[in-house]
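A short write-up of the structure that comes next.
The values are calculated or read from the model by the stated rules, or taken from the named source; none is laboratory data. Quick caveat, the model's predicted, so the values are computed rather than measured. A quick note on method: Cβ atoms are made from the backbone with ideal geometry, for glycine too, and the neighbour counts reach across all protein chains shown. Please note that ligands, DNA and RNA were not included when accessible areas were found on the heavy atoms of the full protein model with its side chains. Shrake-Rupley method; radii C 1.70, N 1.55, O 1.52, S 1.80 Å.
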Amino acid sequence: MRGLALVAVVLASLSACGSGGGPKGTLTIAVNAPFSQSPYVGETLFRGADLAVQEINVSGGVKVGQRTYRLRIKRFDNGLSPGKALQNVRRAAADGVVAIVDEGTGVDASWRVAGAAGIPIGITYQGGLGLVDEERRPNVFRIAPTDRGVAFRLAEYLIPKKLKVALLADDTGYGRQGQAALRKAFGSNPESVAARATLPASSSDLAPQILRVRRSGATALLVWAQAATIAKAVIAARSAGWNVPIFTPPDGEDPLVRQQLAGHPAWVDGLTFATGRMTAEVGTGPWDAFQSKYEAAYGAARVGVRTREGRQVVQPPDYAMYSYDFVNVLAAALFRAKAVHGDALLRALEQVTVQGANGDERGFNAHNHEGVVDDDVYFARFHDMVFRPVKDDPLSATLPPIEQRR
């Protein structure tokens, strides 16, 4: 990937761990995520990391120099609060964790604390433009679609349709980061933008904001917001009889959106979101194997809604694969670095590559700490509470649908 040589794979590092007399210590990985405020995101990131840890431990642990270690996970709830996220990283650093799997909230401050302790942060959800900077933040890595990639793919998809797009973002850090990415993506095509507006995430009713946007002449809504706000925007539009097409970033697939709209399932139909693809050029085999392991460990993630035929809907573990992949990259880096903290580990993270859960290679280099390329963003559209890749985008049209009914 991006010219990296395949210098290590997880299985190679794990098989090497079998020598050295068995596990003699424990290394802790922190998961800093919004367990209380966004349970789907928190549990998804935790379970992906936990699954990788279980597999590594079953294989004998990870060898670091002359010692062999087991891995364990420690959960920290950031509550979507930057202050709480920073406090969690301070606690994690004091506990001596080897790495932090992070949803992204508060990284603008917490990276310094982690960096001072020689601890890498692996962002596996948020895609904000400034969160990852190889020179200024050498200890921050990311395996997740970037806001830049999502925003430019949305612009690339929508502008040729001659739509007048209203760009809406909520007033959270996630929304502000998305707003910045959309400003750049649509910057060369101002004629495609009908309106821009900020949606208050704390408001229970977005009808006034949606009405103003409707009066602007918008013929499409692009709502960059957390899941609860996306649901409220859909409710405001549809309850007013406005059947405008609605597009979102990855939060549009959060089960909370469908749960909030369960009383009006037809309102979900047509909702389109952009996110990282689940399957790669090698085919569906790696993804199918990963999903099977995930569901064997934790069960299928039931959304809490049913199709019109009465079948239960489950959520594919697409974001779980990113935290799973980061832990496997970390294991390969620990083996290569022969160190559990500091510059040696950070350099090793720039030098190893593993096969990801979907068959893609995952890794970083000294000039790029992003583990998902922007071209891997695809579009999916809901119908009858499940989503399928769209057919009017070249990449999306090549991707197989993932079964979501049980």
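Where a Cα-Cα gap under 12 Å defines reach, which aspartates and glutamates qualify for LYS162, not counting those fewer than 8 residues away within the same chain? Reachable aspartates and glutamates: GLU191. Within the full protein context, the accessible area of ILE159 is estimated at about 30 Å² for a probe radius of 1.4 Å. Centre-to-centre, using Cα atoms only, segment 328-406 and segment 169-217 are separated by 29 Å.
Mean projected area of the convex hull spanned by the Cα atoms of segment 359-406, taken over all viewing directions: 4.8 nm². Projecting the Cα positions of GLN66, GLY96, PHE387 onto the charge dipole of the chain (unit charges on Cβ atoms of Lys, Arg, Asp and Glu, taken about the Cα centre) puts GLY96 furthest along the positive direction.
Think of the chain as having a plus end and a minus end, set by charges on the Cβ of Lys, Arg, Asp and Glu; of VAL113, ALA280, ASN358, VAL113 sits farthest toward the positive end of this dipole. Given the choices [x] 28.6; [y] 18.5; [z] 19.5, mean projected area of the Cα convex hull in nm² derived from the coordinates of this structure is entry [y]. The phi torsions of segment 75-81, fed into the Karplus equation with coefficients 6.51, -1.76 and 1.60 and a -60° offset, translate into couplings of 8, 10, 8, 8, x, 6, 10 Hz, rounded to whole numbers, with Gly and Pro shown as x. In terms of the Cα gyration tensor, with a ≥ b ≥ c the square roots of its eigenvalues, is segment 310-401 rounded because a/c is under 1.5, prolate because a/b exceeds b/c, or oblate? Note, shape of segment 310-401 comes out prolate. Across the protein chains, with a 1.4 Å probe defining accessible surface, the residues GLU156, GLU281, GLU55 rank GLU281, GLU156, GLU55 from largest area downward. Charged side chains reduced to their Cβ positions (Lys and Arg at +1, Asp and Glu at -1) give the chain a dipole of some 560 debye around its Cα centre.
Using a cut-off of 25 Å between Cα atoms, the listed pairs LYS161/LYS391; LYS164/LYS184; LYS74/LYS293; LYS293/LYS338; LYS74/LYS232; LYS84/LYS338 include LYS293/LYS338; LYS74/LYS232; LYS84/LYS338 as exceeding that distance. LYS74 exposes around 60 Å² of accessible area when a 1.4 Å probe is run over every protein chain in place.
The listed residues GLU295, GLU361, GLU309, GLU103, once ranked by accessible area (1.4 Å probe) with the largest placed first, stand as GLU309, GLU361, GLU295, GLU103.
In the context of the full protein assembly, ASP147 retains an accessible surface of approximately 10 Å², using a probe radius of 1.4 Å and ignoring ligands and nucleic acids.
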